[in-house]
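Undergrad: Dumping the structure here so I can ask a few things about it.
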Amino acid sequence: MVGTRKGAFVLTSDAKRKDWKVDGPHFAGWEIYHVKGSPVDPDRLYASQTSAWFGQIIQRSDDGGKTWTQPGTPPGEPTTTPEGMPKAESNKFVYDASPETGKPLTTHQWYDGTQHPWEFKRVWHLEPALNDPDIVYAGVEDAALFRSSDGGQTWQELAGLRGHGSGPRWQPGAGGMCLHSILLDPKNPERMFTAISAAGAFRTDDGGKTWRPINQGLHSQYIPDPKAEVGHCVHHIAMHPARPNTLFMQKHWDVMRSDDATAT
C-alpha cells in the first residue's frame, strides 16, 4: 500500500515479487498521508485522505481496496454536505479537555517560543491493532494519539500522552507538529511507542493511560538544551519484527538504535 500526494495505490505481486500489478490511484488528486492494512484481516484497509481545502477524511476498505467507504457515514447517505465538504463522525478528532483525563492541556510551544492552542489539521499515521480489525490508532497533527474501537467510525483521544507533563514544551518542526509513528509491541499488548516531530519518542506500558519520554542518548545540537528530555526532531521509528525490544530511529540526520526497549 502506497500513499502519495496524488492518491493511494495498492500493489500486489507474485510470490517472487517479480511481476507486479498496480491498482489506483484511489482518491485521485488527494494527498494520502498513510494507508495501512489490518494484520488480523488482510482485506481491512485504512487510509488518511487529506486536503488543505476540504480537510481530513478517514477511508476504510473491507475488500482489499476494491471499494472504499467513509466509516462514519451510514450506507446510502451522501458523503459530503450540500456545500461539498466531507462529513461523518469518522472525520472528527476532538482533543480531550476534560479535567479528569485531558487535564485540560490546550497549548503547546510555537516557532517563536510562545504558547499556541492545539489545532487539529490531519492524520499522519493509522495503526490497526494486532488482534482486532475494528481497533485502530491514529497519530495526528497537532500531535496527539487517538483510538477507534468501531472500525474508524468514531475517535477518542488517549490524552495521557499530551497530558503527561511535557506537552507545553512540544513544538512543530518544519513540516508541522505531527505524531507520525505508532508501534505496537507484539509480545506485550500494553506497550506502545510513538514519535513526534519535534518532541521526541514516548512509550506507554499500560495501554496508553500513562506515558514517558524515551529520549535518553539523543543529542540535538541546535536546541537550547542539546540533551533535553523533549524537543528532539525524530522523523521515524521502526521495530525489529522478531525482537520488539530492538528499535531503530531516524532523528533528523542521525540513525539511532535501542536494544533495551528504548531505555537507552
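Undergrad: Taking the conditions exactly as written (of a type outside the set (S, T, Y), open to solvent by 10 Å² or more (accessible area, probe 1.4 Å) and touching a strand residue (DSSP E or B) at 6+ places or on another chain (Cβ under 9 Å)), does R191 satisfy them or not?
TA: yes
Undergrad: Still on this structure, please answer the following. Return the only residue of D132, D112 being in contact (Cβ under 8 Å) with a residue 40 or more places away in the chain and open to solvent by 20 Å² or more (accessible area, probe 1.4 Å).
TA: Every option except D132 fails the conditions.
Undergrad: Looking at the range 82-108 only, could you name the residues that are open to solvent by 40 Å² or more (accessible area, probe 1.4 Å) and either within 18 Å of W53 (Cα to Cα) or of a type in the set (S, T, N, Q) (or both)?
TA: Passing the criteria: P82, E83, M85, K87, K92, T101, T106, T107.
Undergrad: Now for a different question. For the range 31-66: of the residues being modelled with pLDDT of 95 or more and aromatic (F, W, Y), which is least open to solvent (accessible area, probe 1.4 Å)?
TA: Only one residue tops the list, namely Y46.
Undergrad: Give the residue that is farthest from M192 (Cα to Cα), with candidates limited to residues of the range 241-264 that are loosely packed, with under 13 Cβ neighbours inside 10 Å and not aliphatic (A, V, I, L, M).
TA: Applying the filter and picking the extreme gives W253.
Undergrad: I've got another one for you. Exactly one of these conditions fails for F202: (1) open to solvent by 10 Å² or more (accessible area, probe 1.4 Å); (2) at pLDDT 95 or above. Give me its number.
TA: With (1) open to solvent by 10 Å² or more (accessible area, probe 1.4 Å); (2) at pLDDT 95 or above applied to F202, the lone miss is (1).
Undergrad: Only one residue in A228, A242, A261 is under 20 Å from D142 (Cβ atoms), part of a loop (DSSP other than H, G, I, E, B) and over 16 Å from the mean Cα position of the chain (by Cα), so which one is that?
TA: Exactly one residue qualifies, and that residue is A228.
Undergrad: Right, another one. All but one of (1) surrounded by 20 or more Cβ atoms within 10 Å (Cβ to Cβ); (2) of a type in the set (F, W, Y); (3) out of contact with any Gly (no Cβ under 8 Å at 6 or more places or on another chain) hold for W20, so report the exception by its number.
TA: (1)
Undergrad: Determine whether the range 202-210 contains at least one residue that is basic (K, R), in a loop (DSSP other than H, G, I, E, B) and closer than 19 Å to L179 by Cα.
TA: Within the range 202-210, one or more residues are basic (K, R), in a loop (DSSP other than H, G, I, E, B) and closer than 19 Å to L179 by Cα.
Undergrad: When both residues are 6+ apart or on different chains and their Cβ atoms are under 6 Å apart, which pairs have a first residue that lies in the range 236-250 and is more than 19 Å from G173 (Cβ to Cβ) and touching a residue at least 40 places away in the same chain (Cβ under 8 Å), and a second that is β-branched (V, I, T) and outside any loop (DSSP other than H, G, I, E, B)?
TA: Matching pairs, first to second residue: L247/I237.
The values are calculated or read from the model by the stated rules, or taken from the named source; none is laboratory data. All of these numbers come straight from a predicted model, not from anything done at the bench. So basically every Cβ, Gly included, is an ideal-geometry build from the backbone, and we count neighbours across all protein chains shown. These area figures cover heavy atoms from the full protein model, side chains too; ligands, DNA and RNA do not enter into them. Shrake-Rupley method; radii C 1.70, N 1.55, O 1.52, S 1.80 Å.
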